[in-house]
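To start, the structure under review is shown below, and the notes come after it.
The values are calculated or read from the model by the stated rules, or taken from the named source; none is laboratory data. Given the structure is predicted, the values throughout are model-derived calculations rather than measurements. Here the Cβ positions follow ideal geometry from the backbone for every residue, glycine too, while neighbour counts run over all protein chains shown. Calculation scope for accessible area: heavy atoms of the full protein, side chains included, ligands and nucleic acids excluded. Shrake-Rupley method; radii C 1.70, N 1.55, O 1.52, S 1.80 Å.
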Amino acid sequence: MATTTLFSLLFILFLSVSTSVKGSGFSVNLIHRDSPQSPFYNPLDTLSDRMQKAVHRSINRANHFKKLSSSSFSANLDDDTIITSLSAVDLTFVMNISLGTPPRNVFAIADTGSDLTWVQCKPCEDCYKQVSPLFDPKTSSTYKDVSCGNKLCQYALRYGDGRTSIGNLALETITFASSGGRSIQLPNIAFGCGHNTGGAPFNEKVSGLVGLGGGGLSLISQLGSKIDSKFSYCLVPSHDVSSKFTFGSNAEMTGKDVLSTPLISNPSRKTFYYLTLEGISVNENRVPFRSSSSSLTNEDNHIIIDSGTTLTLLPEEMFSKLVLEFKKAIDVEPIIGPKGFNLCYPFDGNMKFPDVTVHFAGADIKLDAGNYFVPVGSRAVCLTFAPSGNGPSIYGSLAQINFLIEYAREEKKLSFKPTDCTKQG
């Protein structure tokens, strides 16, 4: 009964989404949390501070993904409530969006690992402190509560770190400032109008979250055919320049250097985007993703690709073998690096890095040194791969820098193209 009601609700929501976005789509800025444009920016943080925090966020996020994978929560409408367990929100990127009519500007966390978009709303029974005013649905002419039978639909989001967001499910106009200079209005988008956000407080400079995952209530799913069920992004190496997130297919990927791999959907975990990782090579030595003798579930045989996790997190056995290969390939004595990094070297500008290739099913992705070693402090570089511990394997954002990456959901395909992302318009 609950599942039938949920499908009916999603069908109604999808029918209600009408937008001027057609064909080529549009691009928006994806702001790194350490950028001066970001509400998270702390000018007192050193490079080492930022990288150590990134390590901490990556490990936490993997642990929260693991909690979700073992969670008994499911989407349902019993008691008119949508209950979902999601990943943590200590993420890498934010978006600047506008909500309602007239539009109200808000900063929101961009998350490819969760679905429902939500903001804090008036009246708020228990909200975290927020610098900007709470969104007031009474002041917007385009706000509409969604009803389930004779009652308003409620949602309850439960995050792996104990944070919650609870409120009304509603329809509203979301406006993006396109990087092309025009405003893009998306009417009748389902979102959560949060009246209770419990647990650990969110950052006071953000108002909520933009859900870009694979589930039915994500912004990507709601736009559907309006954006050809496609989106892409191109992550820049410098935090001083915004990355680009594209809805639709205007970031056309052509040429022999485009490599594609199947995009795997897990029916029980539709939020996440999975790929089949076969192994990683350091020079000519290939380390397999999983031991052939391992007894694993189908989910264990795949890796989540996630823009919100900084490091690439790998199974312990694979990671240990990769570290040995790096030590054989780099003729420099390792040093003890900052906490959280497992392999670091002194860097004097003459260091020679090995060739590293990531082997996905059907796609061998050759990485630049900046994808797998990152400067930490003034005279050290550290490996951006780490053991996943109790969490799942995740292909993180540093490994994705300077690749145009397109998710074609209808075609069930993810494509990589080496690109200077600083030149993406």
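Is it the case that residue 422 is surrounded by fewer than 19 Cβ atoms within 10 Å (Cβ to Cβ) and assigned to a helix (DSSP H, G or I)?
It is true that residue 422 is surrounded by fewer than 19 Cβ atoms within 10 Å (Cβ to Cβ) and assigned to a helix (DSSP H, G or I).
For first residues located in segment 222-234 and under 13 Å from residue 408 (Cβ atoms), partners that are assigned to a strand (DSSP E or B) and among the acidic types (Asp, Glu) and lie 6+ apart or on another chain with Cβ distances below 8 Å form the pairs 230/406; 231/406; 232/406.
Against the conditions (1) among the β-branched types (Val, Ile, Thr); (2) over 26 Å from residue 246 (Cα atoms); (3) in a strand (DSSP E or B), residue 323 satisfies every one except (3). When residue 281 is tested against (1) part of a loop (DSSP other than H, G, I, E, B); (2) buried (at least 18 other Cβ atoms within 10 Å of the Cβ), just one condition goes unmet, and that condition is (1).
Of all residues in segment 254-277, those satisfying the criterion of being at pLDDT 90 or above and assigned to a loop (DSSP other than H, G, I, E, B) are 257, 258, 263, 272, 273, 276.
With open to solvent by less than 10 Å² (accessible area, probe 1.4 Å), farther than 11 Å from residue 405 by Cβ and of a type in the set (Gly, Ala, Ser) as the only criterion, which of 255, 248 stands out? Exactly one of 255, 248 is open to solvent by less than 10 Å² (accessible area, probe 1.4 Å), farther than 11 Å from residue 405 by Cβ and of a type in the set (Gly, Ala, Ser), namely 248. Regarding segment 387-400, can at least one residue be identified that is assigned to a strand (DSSP E or B), crowded, with 20+ Cβ neighbours inside 10 Å and touching a Lys or Arg at 6+ places or on another chain (Cβ under 6 Å)? For segment 387-400, residues assigned to a strand (DSSP E or B), crowded, with 20+ Cβ neighbours inside 10 Å and touching a Lys or Arg at 6+ places or on another chain (Cβ under 6 Å): absent.
Quickly run through segment 375-386 and pick out the residues that are in a loop (DSSP other than H, G, I, E, B) and either under 16 Å from residue 304 (Cα atoms) or in contact with a helix residue (DSSP H, G or I) (Cβ under 6 Å, 6 or more places away or on another chain) (or both). Spell out how you get there, then give the answer.
The first filter runs over segment 375-386 and keeps only residues in a loop (DSSP other than H, G, I, E, B), leaving 376-379, 384.
Result: 376, 377, 384.
Selection of segment 316-342 for residues being open to solvent by less than 60 Å² (accessible area, probe 1.4 Å), modelled with pLDDT under 95 and within 29 Å of the chain's Cα centre (by Cα) yields 337, 338, 340, 341.
Tell me whether segment 161-170 contains one or more residues that are within 30 Å of residue 242 (Cβ to Cβ), of a type outside the set (S, T, N, Q) and modelled with pLDDT under 80. Taking every residue of segment 161-170 in turn, at least one turns out to be within 30 Å of residue 242 (Cβ to Cβ), of a type outside the set (S, T, N, Q) and modelled with pLDDT under 80.
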